[in-house]
Every structure is written in C-alpha cells, then in structure tokens.
1. Condition (residue is crowded, with 23+ Cβ neighbours inside 10 Å and more than 30 Å from L360 (Cα to Cα)) applied to segment 54-61: is it met by at least one residue?
2. Within segment 204-225, identify whether any single residue is of a type in the set (D, E, K, R), within 13 Å of the ligand (Cβ to nearest atom) and either open to solvent by 10 Å² or more (accessible area, probe 1.4 Å) or over 16 Å from the mean Cα position of the chain (by Cα) (or both), and answer yes or no.
3. Can you tell me how many residues in segment 174-203 are away from the ligand (no atom under 11 Å from the Cβ), open to solvent by 10 Å² or more (accessible area, probe 1.4 Å) and more than 18 Å from L138 (Cα to Cα)?
4. Give segment 304-319 a look and list any residue that's open to solvent by 10 Å² or more (accessible area, probe 1.4 Å) and in contact (Cβ under 8 Å) with a residue 40 or more places away in the chain, or say none.
5. Taking only pairs six or more apart or across chains, which ones have beta-carbon atoms under 8 Å, a first residue in segment 269-280 that is under 11 Å from L352 (Cα atoms), and a second residue that is in a loop (DSSP other than H, G, I, E, B)?
6. Would you confirm, using the coordinates I've provided, whether M111 is without any contact (Cβ under 8 Å) to a residue 40 or more places away in the chain, out of contact with any Leu (no Cβ under 6 Å at 6 or more places or on another chain), closer than 26 Å to I193 by Cα and assigned by TED's automatic domain parsing to the domain that holds S166?
7. So which residues in segment 335-380 are open to solvent by 30 Å² or more (accessible area, probe 1.4 Å) and acidic (D, E), if there are any at all?
8. Could you check how many residues of segment 149-165 are within 16 Å of the ligand (Cβ to nearest atom) and closer than 16 Å to I120 by Cβ?
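The values are calculated or read from the model by the stated rules, or taken from the named source; none is laboratory data. All of these numbers come straight from a predicted model, not from anything done at the bench. Ideal geometry is used to build each Cβ from the backbone, glycine not excepted, and the neighbour counts take in all protein chains shown. Heads up: the accessible areas ignore ligands, DNA and RNA and are worked out on the full protein's heavy atoms, side chains in. Shrake-Rupley method; radii C 1.70, N 1.55, O 1.52, S 1.80 Å.
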Amino acid sequence: MKSKIWLSSPHMGGNELKYVKEAFDSNWVAPLGPNVDGFEQDLEIFLSEDVKIAALSAGTAALHLALIECNVSHGDEVICQSMTFSASANPIVYLGANPVFIDSEKDTWNMCPVALQEAIEDRMAKGKKPKAIIVVNLYGMPAKMDEILSIANKYDIPLIEDGAESLGSKYKGKACGTFGRFGILSFNGNKIITTSGGGALVCHTDEDKEKTVFLSTQARDNAPHYQHSEIGYNYRMSNISAGVGRGQMEVLDDRIEGRRKMHDFYCEICKNIEGVKVFSEPNSDFYSNHWLSVITIDETKTSKSYEDLRLAFLSENIESRPIWKPMHLQPIFEDAPYYGGKVAEDLFGKSLCLPSGSNLSEDDKKRIAKVMVEVFSNKKEYSVLS
Ligand SMILES: *Cc1c(COP(=O)(O)O)cnc(C)c1O
C-alpha cells in the first residue's frame, strides 16, 4: 500500500520542542506560563491592528466565550453562515439560543450580504432582533467584509468573525480575524498551524481580553477564597500547547506560502480540464491563505462527479473530502430558520477539498496529478474500450 496522503496534516517547524522543553525545565506545566504569554504576543504582532489575544483550549471555546461576551443567552437568536463546520454553530446551542442560517454568495462562498439583510429585517418583523452575527472565512477565503460589516453596523448587531481557517488571509490588506467585535482562531491539528489542539479569541480592548481570561479560568472573583459571581469555564490554553504554537509562529509565513503554492499547483492541473475550476480569489481585495484547495466540477462537461474523483483518490490512498455540508441541511438543525437560495446547496453537490498540506512532497504531487488527469481524461474507460 502506498503511503497515505492526507488532506491537511501537521507540519512542524523545528523549534516547537525547544519551547516545550523550556516549559518542562521551568516546571510551567499548567494552563498559564511564559509560552502562553509569548504565543499571545506573537499572534498580536502577526495580526497587528492593535488586537489583544486570549489563548484558549479550542476555537470552539473561543466562539462560546465570544457569544457570552455579546450577551447571548437562552431564547436569543444568532445569525450564522450556513456553509461551515458545525463548530461555528454549536456554541449558539450551548447557550440555549437559536441559530438562523444564511446562504452563501458565489464569489467567496461565504455569507451572502443580501440574504443577511433580509434575515435581519424578517427576524425583527417577527419580534426578535438577532443578538450576534457569525461570519466565516471558508477555506481561508475572506468574506465580503465591507458589505457584511456595514449591515451589522446599520442594525447595531455585533459581528463575530470565525477565522478558524483564515489565519494569514487578508481583506483589503487587513488581517482576517480582526474585523468583528471578536474574531476566533483555531490551532487544531488540521489547521494551517497547530498547537495539537487550541484556539484563541481576538479582542480589541484590554477589558475584553481580561474578561475572556477571567471566564476561561473558572470566573474566580478577586478574593483569597474561591468566590464566584458568574459561571466560569475551564478554557485556557496549556503552556505546553502554547510552546508548540510559538514554534509554529516562526514558520507561519512559510506555511501560508506553501498552501498558496498548492492552490497554484491545482490551477496548473485544472487549466486544461474543461468543467473543473479551482476555488480562487474573486479579485485583488481578497487574499486567501488557501488553507484547503477546493475544486468545483461541472458534471455536464466532465461526466464525472466529485464522488468519482474522491473514490479514485481513495483507491490510491489519497484523502479528499466533500466541502462542509450546509448547516440548514443537517438533521440536527432542520427546524432552524434559513434565508437565501440554493448557492450553498449547489456548491455542496459539486465540490471537493483536495490534499492541501504545506508538507506534500514532489512525489505526493505526482501521485495526485496522475489521479486527476486519469479521472478527467477518461483514460481508464478508454483503455477498456480500446
Ligand atoms: C476548526 C474550525 C472550528 C473549531 O475550531 P476547534 O479549534 O477545532 O475547536 C470552528 N470553525 C471553523 C470554520 C473551523 O474550521
């Protein structure tokens, strides 16, 4: 069996163990310490825009706290992009609130501003103003931030930017994750950099950061005994994980370049295949880290579905995956309100995420290219016929 080619696997830089060893040597084996502070500082410098970072145990935890800090509670409604990973929507339900899902638009595959506006108007007419808006930068592609922010501001609803997939992406030169009232980052094992598992909340004031640290460390009041006036969470990042993160920050620019090169690699393969398109930036306002490279397949032109390609990859021990199934089509959210048309649903029916890691070898790329060329040139069928 040939070695497995993963969709997106961890890519260590080299100094991660140095920071982890420092944690052991100084006995900071706890969810606080110099690596946590150092990692937060590295992220603040990388994102610039004067942000304050709170390092947490997961991106999902960051989103949960962002919603709490936007005062979302039982019975509230929160607007969320439908085409995303379920972790974007689940924290709404943790709080007993109800998600309202929004379709994508065709350029960025992210939240459609027209459907967003319609949803806000309609929810307000029904007597409930949404408490927050969660927009996602899918696969690293920035959403149409100008349009979405202007709607959020018009109705005075806080925007939460799920930037779990878009560290290093930019919209009009400004870092993704820094646009909303809060931004969230993820350092799960499959993301562009990893801490093995972890996340962060991007804040804009010292107050918001302090509140986040307070809530993520069990909400202990300032008293010698354990006193609590609020419900707390155990969501702070471990100093060991943060050590991995500090090593990864040293190579983040290389990782972005590596992922973007994978995107170029697929563009090169697909340029001669009619009916296959690589998901790309609509214009120079958008700069994607291309966390995952994705193609759309026009079956009427290729006579191959994404499933044909996925199975061909699988037989060569190469991982690929359909794009996120929209939340409004998920059994768990079937009763949630939905605004928009069938953009997300159509994309789901014809798109496939391809191996995108910054650590793929030339040999890996040859194996990938071979499968794609064979599938779309009907070579195998041809050889059967001839
Ligand atoms: C990975 C991811 C998350 C969750 O991050 P975790 O660190 O795994 O909890 C949230 N939203 C999106 C869009 C993601 O891709």
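1. yes
2. Filtering segment 204-225 for residues of a type in the set (D, E, K, R) gives 206-211, 220-221.
With within 13 Å of the ligand (Cβ to nearest atom) added as a condition, the list becomes none.
Scanning segment 204-225 turns up no residue that is of a type in the set (D, E, K, R), within 13 Å of the ligand (Cβ to nearest atom) and either open to solvent by 10 Å² or more (accessible area, probe 1.4 Å) or over 16 Å from the mean Cα position of the chain (by Cα) (or both).
3. Qualifying residue count, segment 174-203: 1.
4. Step one: list which residues in segment 304-319 are open to solvent by 10 Å² or more (accessible area, probe 1.4 Å), which gives 304-308, 310-312, 314-317, 319.
Within segment 304-319, K304, S305, Y306, D308, R310, A312, E316, N317, E319 meet the criteria.
5. Sorted first by the residue in segment 269-280, then by its partner, the pairs are V276/D298; K277/D298; F279/W109; F279/M141.
6. Values: without any contact (Cβ under 8 Å) to a residue 40 or more places away in the chain: yes; out of contact with any Leu (no Cβ under 6 Å at 6 or more places or on another chain): yes; closer than 26 Å to I193 by Cα: yes; assigned by TED's automatic domain parsing to the domain that holds S166: yes.
Criteria met by M111.
7. Result: D335, E345, D346, E362, D363, E374.
8. Pass one, segment 149-165, residues within 16 Å of the ligand (Cβ to nearest atom): 159-165.
Checking which are closer than 16 Å to I120 by Cβ leaves us with 159-160.
Here the count works out to 2.
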